[in-house]
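Worksheet for the structure shown next.
Laboratory data are not the source of any read-out in this text; all were calculated from the coordinates shown. As the structure is a prediction and not an experimental result, all values here were calculated from the model. Every residue, glycine as well, gets a Cβ built from its backbone with ideal geometry; the counts of neighbours run over all protein chains shown.
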Amino acid sequence: MLRALWRHFPSADYNAQEFVRATVAFYTRHDLDLVKIGPRSSFCLRDYGAKDEFEGDYLGRPRYLNQVVQAPDDWRKLRPLDPAQGWLAHTAGCVRGICARTSADRPRVLTIFSPATQAKNLAGAARFAEHWRTHPAELRAGLETLTESTVAFLLSLRDVPLDGIFFAIQECGLRDVEPGYLAMCGDLDRAILTAGNYWLNVLHLHGEVVGFECYARYPVSVLHWDEAEAGASLAQVRQQFGGIVSGGVDWPGNGWSDSAAVKQAARAVVERAGSERLMVSAGCVMPWQTPAEHVDAFCAFDR
């Protein structure tokens, strides 16, 4: 059984030195079994002109201020980014700094957003869904470009001691949309997941999930999701998936009453799901203002 938590570092993640310092400090302080490097979701899009700003979201997520993609033909205008330039280079420097300052005895995984999630952030959720339905060929062209950029970025990190990627998909609950998510994006997701030849890829399925059994066949070692939102329990999915299942703790947005409540919530996950092939964690990212003592309590929940 493993324990893992992660959080955003709003404002600090705009500055390389502050982001590295904050990430290293968090994982140095807490006895967690995984180091997740979580740059802001715009890191792969800012060189396309995407702009975002942190406005106080309780999870630490930024709000996008513009929509780079307006018309269907804009997807075909996207070009692969150079990983040695701009915000991709900025992020690569952060990854190198964090890996150099964290212990190799804890696996290190880098958050990578799926091409579909990147596309949604470029166009806005409503326009993305519209183009998915009405202009799938144009959207697919854009998704392929985003995939090419993402693969090139990962290949530029081949000399960095990363153990895997934390691959986040936020569109796995799309219903009544043709083509379906896996038909449109499955091969692109797999191209990214296999690009680095990592041993510990984590697949994060955000929100509602349609077709869990198909995602269970992705080339990953860990499946992570929010049981309540996805509509599937850890025990159920473990029957379909041969790797580690992760999640279980419904972390409240307004925080815990005390450290004892954190411990009890984590213990309850093991009691109902069993400890076999389990990584106990929050169902998503934990609120960024969570007190350090509550994370310490989580780390010690079985003691």
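Suppose the chain between residue 208 and residue 293 were pulled fully straight at 0.36 nm per residue; how much longer would it get relative to their current alpha carbon spacing? Show your work: numbers first, answer last.
On the way: separation 85, 0.36 × 85 = 30.60 nm, distance 3.09 nm.
Working it through step by step, the gained length comes to 27.5 nm.
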Using a Förster distance of 25 Å, how high is the FRET efficiency between residue 302 and residue 194, based on the Cβ-Cβ distance and rounded to 0.05?
0.15
Compute the distance in nm between two label points, each set 7 Å from the Cα along the Cα-to-Cβ direction, one at residue 258 and one at residue 79.
6.1 nm
Vicinal HN-Hα couplings computed from phi for segment 258-264 (Karplus, 6.51 cos²θ - 1.76 cosθ + 1.60; Hz; Gly/Pro x)
6, 5, 4, 5, 4, 4, 5
Rounded to whole Å and sorted largest first, list the principal axis extents of the Cα atoms in the chain.
57, 42, 36
Just tell me which lysines come within less than 25 Å, Cα to Cα, of residue 36; anything on the same chain fewer than 8 places away is out.
51, 120, 263
Where does helix 181-193 land angle-wise versus the long Cα axis of the chain, in degrees 0 to 90, nearest 10?
70 degrees
In nanometres, what is the gap between the two model label sites at residue 28 and residue 176, each 7 Å from Cα along Cα-to-Cβ?
5.3 nm
Which ³J(HN,Hα) values, rounded to whole Hz and listed in residue order, are derived for segment 68-81 from phi using the Karplus coefficients 6.51, -1.76 and 1.60 in 6.51 cos²θ - 1.76 cosθ + 1.60 with θ = phi - 60°, glycine and proline given as x?
5, 8, 10, 10, x, 5, 5, 5, 6, 7, 5, 10, x, 8
Apply 1/(1 + (r/R0)^6) to the Cβ-Cβ distance of residue 267 and residue 57, taking R0 = 25 Å, and write down the FRET efficiency to the nearest 0.05.
0.30
For segment 213-303, which GluC sites (Glu not before Pro) are in a loop by DSSP, counting at most 14 other Cβ atoms within 10 Å?
276
If one builds a Gaussian network model of the chain from Cα atoms under 10 Å apart, the most fluctuating residue listed among 100, 282, 168 is 100
Which far-off residues, 5 or more places away or on another chain, put their amide H under 5 Å from the one on residue 279, with H placed in the peptide plane?
2, 245, 246, 247
Segment 23-72: chymotrypsin sites (Phe, Trp or Tyr not before Pro) in DSSP loop, at most 16 other beta carbons within 10 Å
58
What relative contact order, as a whole-number percentage, does segment 2-299 give when Cα pairs under 8 Å and 6 or more residues apart are counted?
19 percent
